[in-house]
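First comes the structure, then the notes that go with it.
The values are calculated or read from the model by the stated rules, or taken from the named source; none is laboratory data. The model shown is predicted, which means the values in this text are computed figures rather than measured ones. Heads up, the Cβs are rebuilt from the backbone with ideal geometry, glycines too, and the neighbour counts pull from every protein chain shown. For accessibility, only protein heavy atoms count, side chains too; no ligands or nucleic acids. Shrake-Rupley method; radii C 1.70, N 1.55, O 1.52, S 1.80 Å.
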Amino acid sequence: MRGGAAVLVTLLMLSTLPLFSTAEESDLRFESELLNPPNEGWYSTGDTVEFAASFVNNGAFTSFENDPSCGVVLQVYDADSQLIIDEQSLCRGQSQMLDLAAEETYQFNPVTWDLADSNGEEVLPGWYTVEALHTATEQRISQQVHVQTDVTVPAALTLSTELTSRLGPLVASEEMVLTVTMHNPTNAAIQLPSLGACFLQLSLNEATQLTSPCMPSFTIIEAYEVMLLEQLLLPAGSLQAGLNTIGITLPGESLSTSSQFDVSLPEDDFNPALQSDLKVELNGLGDAFYGDGDLMQSSMNMINTGLDTQSLRFTDTCRAELWIVNDIGEVVFDSRSFKTCNAVNMDYSLETDELVTFSLPDWTFNDLIGCQIASGHYTAVVEVPQFHLASSQGLDYARLTSTDCATPLEVDLRTSLSGNENGFDLGVSIDPRVSEVDLRWIGPCSVTVAILDLESSEEVHRQASLCNDHDGRHVLLPYNAEGAGLLLNVGEVNMVDFNNASLPEGTYQMIITLEANPTTSAGFVFEWPIVETVAPEPVEIEQTAEAEPSRLVSGTWSGILTEQGTCWILDTPQEGQLLLSRAALGSWMPQQGWTGTYDALSSAAAPECAMFQAASIELLSIESEAAPVAPSPEPAAPQELAEVVEQQGLPAFAPSLIVVVTTTSLISLLVTLVIGNESFRIPSTAAGLWFLGMVGRTHETSDGRYQRGRLMGYLTANPGCHFRALMAALEMSNGQITHHLRILENEEVIWRRKDGRLVRYYPLTNTMNPAMSEQELPVPPLSPDPNSLQGKILTLLDADGPMGEFPTQAELAKRLEKSQQLVSHHLRTLQKFGLVEKRKMGIKNRYKLTREAIFLLETSDDFTRD
């Protein structure tokens, strides 16, 4: 019996064990999928999210526990991870075991969501997390869904679109910028509703896509305000030739617009395949926020994102371009307008993920006609025109002063005062006089109120109002014959002085300044205290910007010859380079190299300096001024000076004095080295003109193109000509030749190569490019200017050589009427470049031309033999 009992116990224990093995946990997967997702990529009002979950067994035969009353339930979270739907309450806590064979799948009934929260209200647009929860095992799986439910905005608001091409006319193969703005055409501010993560819906010829958020960060759109919603780059080929319809709408179409644009046929073959394999990007913008006085420096990367090597051939020098659009769709900068595209073949080969960087011109935040731009949002577009590759990036620009070309506001100002014991409430109405007025606010505060005591003619009170309300905003004021313009509730103006003491009774003048572009002021007289409300009265408007105070500037003068005359530049350590507009100092004029300190005001550029973008000043008075210190004479080597001593019979102590002069003149030697070495001198001049912002031109002149045409023609006929020879041959100043050479280099129509202390220039062609070796390059023409001292030395040696006469250094100095030290210096230079050789004949050193110099003289048009 004891044995039978043991068997029974054993059987009972075995009965409590599973009748089959359980798969590893990693083999039983909980999976999900969205059923019938919308083609657009987002769910709209009326759509239902269907979410299916399942267990998949990738291992051996297994089982899992399940609650048959609910199985899988729905949970929905918003973007802030707040639970808005929870269906766990549907479960009754039942339990069952479900079997799964190997490779078997158990599919639960789909869960659905009708885009409503637990209160039955439709959710706002945004991203939501839809989660399937298996209650028995507590396993979860989720999907992200994008919801764009209908939104409602005030009916008074309107949308408008503008399509911009860098070329002006719209061409199917060119990139375009689509600008979308929202306008409040009423005279009252409108509160913007909370629309969640609502996105604008863009329709291009009936194909719909999402672009940007429906509403900006502002919660109020002011009266008559025009607000930028989106600037979108449309790649080449986005529109077809012919009539194209572009629609912009909010979800539910409570606010929408539709416009038609006529697009021309492309002028070249357009290969859209490159757009999928090559990408371009704009570099150097940082946080993309700039202020007055900043410089935008950038470059463009072109990257091969494809799987195959890309071989590209550029057929002209315009490989990378930059253009910039303001917030109303106007092109304010275009790098192509500053250069010409010259035909030349240049090949590039890019491996996968390889990139090449192209330089872009700097932008000084001036528009195409040289005017300062206003505060606002801008879109910068970089493109490779030949291959129709482009990308864009937004940037913001803010300035606290009016722009130099701002048009005076044609408006009337009306004020209303309502007095109290401490002051009065001030209201201002801005009424356009004859037509619509475009107004931009600047600075943190919109209105400044100043009060003057007419008895003492002193300002006794000043306050800023409407701060942080309108900064940088754009307002379009309609003309209304009845005078119902923009109403500004300035608020309370306290009649207290700067010490917060109450102002006495009397007659005062109030100056109201609108901090707009341009700054506009108006004034009127009133009696204090105000015993009754003063009805709105028209006041006299002063349309000039508030005068800025003068300031002291110190620096050194230099002049650059332009087609209009000499542009004088004051190089200051504090403000960089400043252009002289005018000087109210009688017959005084700047002098080259002079330094001084001056009382100055900002001013518009003088005609002589119109091609430059640096700030201009008007001089009011001279505080101090000094002539430049005369440079030390150029020292000669001790051995050569010893020869001079011997020839001229100078006292024996002269060499020791010469050694002292040489030792104490290292600074002047350094200056001489920079002046005498073209590879140093050209970058120095360029730095003065370019890196300090002087040759960021706002517009091109016909004379500039003519001079560069001369320069190109001369280099084509004389490839390899060096810097000083070009100056002499074309009769240009150092500044002019540096300016034009830099432009031609940036346009990639010429290139340079260092040759000792010289820099030689060559035209960029298929048969003459930087990859060529020295032996492949053409022999450069004779470099020295025939009218220079070196040229005259060569001419004398050329004349004496055939007669068997080889002059000494002293004989050359006598015939040229120059000092021996100076002649010695130039003879050493000519020797260094292989044009002159020195030979000992008897007890004296004599000079003759080398064979290379004779050949160059015979083939040079600059030197003519008698």
For this session: Determine how large the accessible area of residue 299 is when every protein chain is in place; take a 1.4 Å probe and give Å² rounded to the nearest 10.
Result: 30
Exercise. Put 118, 416 in order of accessible area, largest first, 1.4 Å probe: what do you get?
Worked result: 118, 416
For this session: Please give the length that would be gained between residue 39 and residue 602 if that part of the chain were fully extended, namely 0.36 nm times their separation in residues minus their C-alpha to C-alpha distance (nm, one decimal).
Result: 196.7 nm
Seminar exercise, completed: If amide H atoms are modeled at 1.01 Å from N in the peptide plane, then the residues at a separation of 5 or more from residue 200, or on another chain, having amide H under 5 Å from its own are 211, 212, 214
Exercise. How would 568, 113 rank on accessible area, largest to smallest, probe 1.4 Å?
Worked result: 568, 113
Exercise. Residue 805 to residue 315: FRET efficiency via 1/(1 + (r/R0)^6), r the Cβ-Cβ distance, R0 56 Å, to the nearest 0.05?
Worked result: 0.50
For this session: Please name which of 460, 494, 409 has its Cα lying farthest along the dipole of the stretch 409-511 towards the positive end, using unit charges on Cβ (Lys, Arg +1; Asp, Glu -1) and the Cα centre as origin.
Result: 409
Exercise. Over the stretch 54-198, with a single point scatterer placed on each C-alpha, what log10 of the ratio I(q)/I(0) does the Debye formula yield at q = 0.13, 0.15 1/Å?
Worked result: -0.77, -0.89
Exercise. Mind checking the alpha-carbon convex hull of the stretch 147-276 and giving the volume per residue in Å³?
Worked result: 119
Exercise. Protein chains only, probe 1.4 Å: how do 772, 803, 510 rank by accessible area, largest first?
Worked result: 803, 772, 510
Exercise. Tell me, what is a quarter of the convex hull surface for the C-alpha atoms of the stretch 193-352, in nm² with one decimal?
Worked result: 13.6
Exercise. Expressed as a whole percentage, what fraction of the accessible surface of the stretch 221-289 belongs to carbon and sulfur atoms when a 1.4 Å probe is rolled over the protein heavy atoms?
Worked result: 45
For this session: Please tell me the relative contact order of the stretch 414-527 in percent, rounded to the nearest whole number, where contacts are Cα pairs under 8 Å and at least six residues apart.
Result: 32
Exercise. Lysines within cross-link reach of residue 754: Cα-Cα under 21 Å, excluding same-chain residues under 8 positions apart?
Worked result: 832
Exercise. So what's the gap between the Cα centers of the stretch 158-198 and the stretch 279-331, to the nearest angstrom?
Worked result: 23
Exercise. Kirkwood hydrodynamic radius of the stretch 579-619 from all distinct Cα pairs, in Å?
Worked result: 11.0
